[in-house]
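The values are calculated or read from the model by the stated rules, or taken from the named source; none is laboratory data. Remember, predicted model here, so these are calculated numbers, not experimental data. We place every Cβ from the backbone using ideal geometry, glycine too, and count neighbours over all the protein chains shown.
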Amino acid sequence: MDKRAIGVFDSGLGGLTALRELRRLLPGEELVYFGDTGRVPYGGRGKDTILRYARQDVAFLRTFDLKAVVIACGTVSANALTELRAENDLPIFGVVEPAARAAVAATRKGKVGLIATAASVRSGAYEKAIAALDPGVEVRSDACPLFVPLVENGRHRPGDPVVELVAREYLAPMQEAGVDTLVLGCTHYPLLREVIGGIMGPGVTLIDTGAVCAAETARFLAGKGLLAEGQAGSRRYFVSDSASDFAALAAPFLGGEVDGPVERVDIEKY
Ligand code: DGL
């Protein structure tokens, strides 16, 4: 048993889709979330900048007594996981490896699609992780840079003509490639699940990276006897931009109310 907190971070709000799943799977855990809302998006930036930001995010989270860190961001997981693991003496979970495992398990025809930010696609991390599991699986990857701003501006609902148009254009090559499994390689994309599922059709399995990462974290902690037991979990939320906007913006990602205090942090100090 281990009552220390789990630190979770993302470039902004998308990582709340992973936190939501962690909350559901591990209701007794203390969770500390950092969303870098002042510097989002990371997905169009270069590896050096992503790594610098990610190091600051982890340094801030490590001011708490943590038993694990969850990188609830596809872009950071794809570009900085190796470095963050080498530099930190605690378990660090990213979204790429669990998503690759889920995709390889789900595909029937060996044709997997990946949609993610430009920096995630450029890294080749998802392809590498899938090839390590099964070199016979073909992967088609496409960056979808308009998805994050659309989601952050609340334009993610089915029937919204703007998001439907953008999604049809982005997903057409995936349909042509005949993928039967599509990795939603960015933690913002689960909010587009209905739109994407509606276009790809019921024959295509959608992999929610935040959810599979949360499940892997829960399995690891349970396997090592590191879960907190016999307590009601608490949550704390930190952002690098306005804390007052956070509750309204976060609700769709969390699927409900923000259930803890929200504070602003000067991330450049870390
Ligand atoms: N949540 C980030 C990810 O999973 C995307 C947002 C960004 O570009 O920073 O890649």
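Results, tabulated for the structure shown:
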| quantity | calculated |
| --- | --- |
| In region 146-159, residue surrounded by the fewest Cβ atoms within 10 Å (Cβ to Cβ) [restricted to those that are in contact (Cβ under 8 Å) with a residue 24 or more places away in the chain and more than 16 Å from the ligand (Cβ to nearest atom)] | 157 |
| Index of the failed condition, residue 122 passing every other in (1) in contact with a helix residue (DSSP H, G or I) (Cβ under 9 Å, 6 or more places away or on another chain); (2) at pLDDT 95 or above; (3) crowded, with 20+ Cβ neighbours inside 10 Å | (3) |
| Flag for residue 49 being over 13 Å from the mean Cα position of the chain (by Cα), of a type in the set (S, T, N, Q) and either crowded, with 20+ Cβ neighbours inside 10 Å or within 16 Å of the ligand (Cβ to nearest atom) (or both) | yes |
| Every residue from region 229-255 that is under 22 Å from residue 67 (Cβ atoms) and either surrounded by fewer than 20 Cβ atoms within 10 Å (Cβ to Cβ) or of a type in the set (S, T, N, Q) (or both) | 229, 230, 231, 232, 233, 234, 236 |
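Residue by residue, here is whether (1) basic (Lys, Arg); (2) farther than 21 Å from residue 261 by Cα; (3) free of Cβ contacts under 8 Å to residues at least 40 places away in the same chain holds:
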residue	(1), (2), (3)
27	no, no, no
30	no, no, no
33	no, no, no
53	no, yes, no
62	yes, no, no
73	no, yes, no
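Here's the yes/no breakdown for (1) near the ligand (Cβ under 9 Å from one of its atoms); (2) over 15 Å from the mean Cα position of the chain (by Cα):
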position: 33; (1), (2): no, no
position: 39; (1), (2): yes, yes
position: 45; (1), (2): yes, yes
position: 54; (1), (2): no, no
position: 61; (1), (2): no, yes
position: 65; (1), (2): no, yes
position: 69; (1), (2): no, no
position: 72; (1), (2): yes, no
